[in-house]
Amino acid sequence: MKFPHRRAPDEPARPSARTPPPPRPAPPLRPEQPAQAGVYDWQQEPEWQQQPPAPHHPQPSPPRQPPNRAAAPENVGMDFWRRLVLDEHEGADFPPRPPTGGLSYRPDTVCDGWSTHTLDLRLASVRGQQHRWDGRPREDDAAAAWDPDTGAVVIAVADGVSDARQPHIGSQLACRSAVDELLAQVRAGGGFVTDWQKLLSTVHWQLREQAGRLLRTPEPGTEETAELLATTLVAGVATPTAEGLQVALVSVGDSGVWQIKHQELYPMLGGKTAGTDGVLSSAVQPLPYVPRDFRPLEFRLDPGSVLLVGTDGFGDPVGDGRGVVGRLFADQLRRPVPPLGFAHLLDFSRETFDDDRTLIALWPRDHERTQP
């Protein structure tokens, strides 16, 4: 049997009918480019560094147009967020110390802001310079909520009394429990608060229950609760009506209510009282003590005016509203500001006023701003 593809060693090779073409060189992996001195090219020979670069005469190209970039805004950076100094001489600045005392988390500053069809809201609470220096937590707090069925907005601001042992817990609990009770009442009452006594009693019992958990006592008394969780409170509701935005507020302690109208800031409710010698008194009767006689403040908030609800950290430097702090806020809060800007404004620097500051602002919407 013969195998055509085999032959003997002495057998001459037979000519093939068809000779295969020589192999074609492999195409380059990329178009040839002029060598660049000092740049490694993996497609060049190993002696690439010794080879002189090939002459290259680039064609003149049209001038590159700079990208269409907007100019950087001015005053952006650390100077932009520097605290507003309202004294002739700026005090020494320092990094705040972290709050201590076994807290899970207590931020130095909080802020919030949102809008409904009838009003704009801004909220901020900042730690005072004294507490930043001492490493104590912020003792103020605030809360706000909206009922979509009635359009009512409920708010609460509280200032934990510094003499209490856990004032930050008292202020936080007072705000949360007050807002929850206010929401329940406006939903049942068509957008209005129907029982102010129940509101304060609810906060009273919430504070006592919390004191019982902290003290591990089944029924702590009012005095024991005050020593642990004493706090002031301003709470209320802003309800849209056919006549405008109707506001009702109640205050316990020295936190207060102000209004900006006709470019002037003036107090309406709460705040510290002056004695016969003209000195402001810091004595307050806070929650869990419920005052026997109280009357809610009720009024209509007209477009073009601003409602302010805050703690004494804001109220003390504002005073009667005719000083430098009152003029500052009356000028800067003519229109709603961004939430971060609201907190930055509240964190102003003025000598001797170093308490925590908390403020809620409400702007009623006019006919030109009907959508949130």
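Only one residue in R369, R365, R300 is over 30 Å from D93 (Cα atoms), at pLDDT below 95 and more than 23 Å from the chain's Cα centre (by Cα), so which one is that?
Working: R365 fails: more than 23 Å from the chain's Cα centre (by Cα); R300 fails: at pLDDT below 95.
Sole residue among the options that is over 30 Å from D93 (Cα atoms), at pLDDT below 95 and more than 23 Å from the chain's Cα centre (by Cα): R369.
Yes or no: G271 crowded, with 20+ Cβ neighbours inside 10 Å, at pLDDT below 95 and among the small types (G, A, S)?
Values: crowded, with 20+ Cβ neighbours inside 10 Å: yes; at pLDDT below 95: yes; among the small types (G, A, S): yes.
Yes.
Checked against (1) touching a Gly at 6+ places or on another chain (Cβ under 6 Å); (2) open to solvent by 10 Å² or more (accessible area, probe 1.4 Å), G160 passes all but condition (2).
One residue alone among R132, R122, R138, R176 is of a type in the set (D, E, K, R), open to solvent by 50 Å² or more (accessible area, probe 1.4 Å) and modelled with pLDDT of 95 or more, and that residue is R176. Annotation note: Cβ proximity below 7 Å between a residue of the stretch 93-119 that is in contact (Cβ under 8 Å) with a residue 40 or more places away in the chain and a residue that is among the β-branched types (V, I, T) and open to solvent by 40 Å² or more (accessible area, probe 1.4 Å) (sequence gap 6+ or interchain) occurs for H117/T370. With respect to (1) assigned to a loop (DSSP other than H, G, I, E, B); (2) modelled with pLDDT of 90 or more; (3) of a type in the set (D, E), the lone exception for E88 is condition (2).
When you scan the stretch 208-221, do you find a residue that is hydroxyl-bearing (S, T, Y) and in contact (Cβ under 8 Å) with a residue 40 or more places away in the chain, even just one? No: zero hits.
Being among the charged types (D, E, K, R) and open to solvent by less than 50 Å² (accessible area, probe 1.4 Å) is the filter here; which residues of the stretch 94-117 pass it?
Narrowing the stretch 94-117 to residues among the charged types (D, E, K, R): 97, 106, 108, 112.
Matches in the stretch 94-117: R106, D108.
Of all the criteria given as (1) buried (at least 19 other Cβ atoms within 10 Å of the Cβ); (2) of a type in the set (A, V, I, L, M); (3) in contact (Cβ under 8 Å) with a residue 40 or more places away in the chain; (4) under 25 Å from L103 (Cβ atoms), the one not satisfied by V193 is (4).
Only one entry in V157, V257 is under 16 Å from D140 (Cα atoms), touching a residue at least 40 places away in the same chain (Cβ under 8 Å) and in contact with a Leu (Cβ under 6 Å, 6 or more places away or on another chain), namely V257. Would you confirm, using the coordinates I've provided, whether T150 is of a type outside the set (K, R), surrounded by fewer than 23 Cβ atoms within 10 Å (Cβ to Cβ), at negative phi and part of a helix (DSSP H, G or I)? No: the conditions fail for T150. Taken over the stretch 107-134, the residue count meeting the criterion of being part of a loop (DSSP other than H, G, I, E, B) and over 22 Å from W81 (Cα atoms) is 3. Contact map, the stretch 341-359: first residue modelled with pLDDT under 95 and open to solvent by 10 Å² or more (accessible area, probe 1.4 Å), second residue of a type in the set (K, R) and assigned to a loop (DSSP other than H, G, I, E, B), Cβ cut-off under 9 Å, separation 6 or more or different chains; pairs are S349/R83.
The values are calculated or read from the model by the stated rules, or taken from the named source; none is laboratory data. Just so we're clear, the structure is a prediction, and the values are computed from it rather than from any experiment. Don't worry about glycine lacking a Cβ; one is built from the backbone with ideal geometry, like all the others, and counts go over all protein chains shown. Protein only, heavy atoms only, side chains kept; ligands, DNA and RNA dropped before computing areas. Shrake-Rupley method; radii C 1.70, N 1.55, O 1.52, S 1.80 Å.
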